[in-house]
Amino acid sequence: MGSIDATELGSEKKPNPGKATILAIGKAFPQQLVMQEYLVDGYFKTTNCDDPELKQKLTRLCKTTTVKTRYVVMSEEILRKYPELAIEGGSTVKQRLDICNDAVTEMAVEASRACIKNWGRSISDITHLVYVSSSEARLPGGDLYLAKGLGLSPETHRVQLYFVGCSGGVAGLRVAKDIAENNPGSRVLLATSETTIIGFKPPSADRPYDLVGVALFGDGAGAMIIGSEPDLVLEKPLYELHTAIQNFLPGKALQDTLHSTVNLYNLTLLFHGADTEKTIDGKLTEQGINFTLSRELPQIIEDNVESFCKKLIGKAGLANKDYNQMFWAVHPGGPAILNRLEKRLNLSPEKLSPSRRALMDYGNASSNSIVYVLEYMLEENRKARNMKEGDNEWGLILAFGPGVTFEGIVARNLDV
């Protein structure tokens, strides 16, 4: 498909032929709801830690994250069964994976069922499954357990994306888009599921970053149905996925090579930075997953996001679109990332409202978060339409993950 100017599409907002659309959204959460104001005392009591300095630091972090509530799999029952999870230095990866593997499947099944119910068609019409998680590790993978739990046909084509981190939800959308557009008549179920138990640890002065995770991350699952050429009698298209790209920031060695190529061919290098593959760093160890984020991450995103957005919008043929005339569905990695993106692109405060709401209500739920943001986006679009304030037909879906990897999709709001 070629590029399309928004003015050529008329007022009915019908999907463009051959383009993938999101046809339904669903979500699910574990039973434990954590109120941020009570988290600090509960966490230090659970882990039998009485370090006043660490407690004070976590208290500050809990306020700066802007998170109000989150859902978590971790419970008193789990800690009674596995007390070693709250003890420093033990080999607990087997116990963690036993818990996580079951939990993410249960949540993914629930979110997928909710999505299929919202879709309104038979589960037998699902032809492909894309499954995303950074919270489990097993063979066969969670895609098979999800397919089995839902009762999908054994002929369902499956793809799984493991350990993609916060960019996983948009990466999954990109993969689902490719599948839908290259397999006429297909219906793709995209499911994401995450739990923080894989990285739960007691507080330690040797691992100050762990407190950021305690203050910020949450658990849950999300699901979407993606397909092209929707049956407008049976299906309600929500968003058209018009153009998708992925870029990573080159590390120093690769960047030196790219600079040589730029000089040789008079090209333009898109990204700036060095050794960015360590900016978001995770390793699976005997104590679960050890995960760190560099302090430079918000700055790296700020430095590169505008050039990435220009490239994405230009590829879709919308180079002259005003940013504030578009909607912005951005993965809420944290308030600093949202603040810097807003400032760099000179966005009106309301543009990132769905992202900030998702962060406040669910924390950073990794790959799931973009599902929650898109759902809030629909809610705000409908509210604006009812108030005759108009809406923004075109917009961007963005996420940032390990690499540092930028995922982006130019989308159209079809919810009329």
Listed residues Ser133, Ser124, Ser193, Ser167; which is farther than 22 Å from Ala399 by Cα and of a type in the set (Ser, Thr, Tyr)? Ser124
When you scan region 341-349, do you find a residue that is surrounded by 24 or more Cβ atoms within 10 Å (Cβ to Cβ) and either within 23 Å of Val132 (Cβ to Cβ) or not small (Gly, Ala, Ser) (or both), even just one? yes
Of all residues in region 233-286 being among the β-branched types (Val, Ile, Thr) and surrounded by fewer than 18 Cβ atoms within 10 Å (Cβ to Cβ), the one that is modelled with the highest pLDDT: Ile245
Within region 122-140, residues buried (at least 17 other Cβ atoms within 10 Å of the Cβ) and part of a loop (DSSP other than H, G, I, E, B) come out as Ile126, Thr127, Ser134, Ser135, Glu136, Ala137
Unmet requirement for Glu84, which otherwise passes all of (1) within 22 Å of Ile289 (Cβ to Cβ); (2) surrounded by fewer than 18 Cβ atoms within 10 Å (Cβ to Cβ); (3) touching a residue at least 12 places away in the same chain (Cβ under 8 Å): (3)
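The values are calculated or read from the model by the stated rules, or taken from the named source; none is laboratory data. These numbers come from a predicted model, not from an experiment. Every residue, glycine as well, gets a Cβ built from its backbone with ideal geometry; the counts of neighbours run over all protein chains shown.
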